[in-house]
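Beneath this line is the structure, given in structure tokens, with notes to follow.
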Amino acid sequence: MDVLIVIISFIVGIIVYFVPSYIAYKRKHKNRVAILVLNIFLGWSLIGWIVALVWSLTN
């Protein structure tokens, strides 16, 4: 049962981690590749993730 909780937590974490990139791709943002790169390399820090999220929500 503990392994299942770890696996589910890992999957949920990955989904949350890539929310800014997902939003950018769904909105067809002109800088979606740059947002994805920012998300991959700086998303681990809360500031990088927030910047990617805000950027993905702007026009």
* Applying 1/(1 + (r/R0)^6) with R0 = 30 Å to the Cβ-Cβ distance of residue 4 and residue 59, what FRET efficiency is obtained, to the nearest 0.05? -> 0.15
* Please give the helix 46-57 orientation as an angle from the longest Cα principal axis of the chain, in degrees from 0 to 90, rounded to the nearest 10. => 50 degrees
* **Which label in [x] 24.8, 87; [y] 14.1, 47; [z] 12.9, 44 gives the computed Rg and Dmax of the Cα atoms in Å** => [z]
* Structure fact -> Expected unfolding gain across residue 27-residue 47 under the 0.36 nm per residue rule, minus the alpha-carbon gap, is 5.0 nm
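No value in this document is a laboratory result; all are computed from the given coordinates. Keep in mind the model is a prediction, meaning the values are calculated, not measured. Glycine gets a Cβ as well: all are built from the backbone with ideal geometry, and neighbour counts include every protein chain shown.
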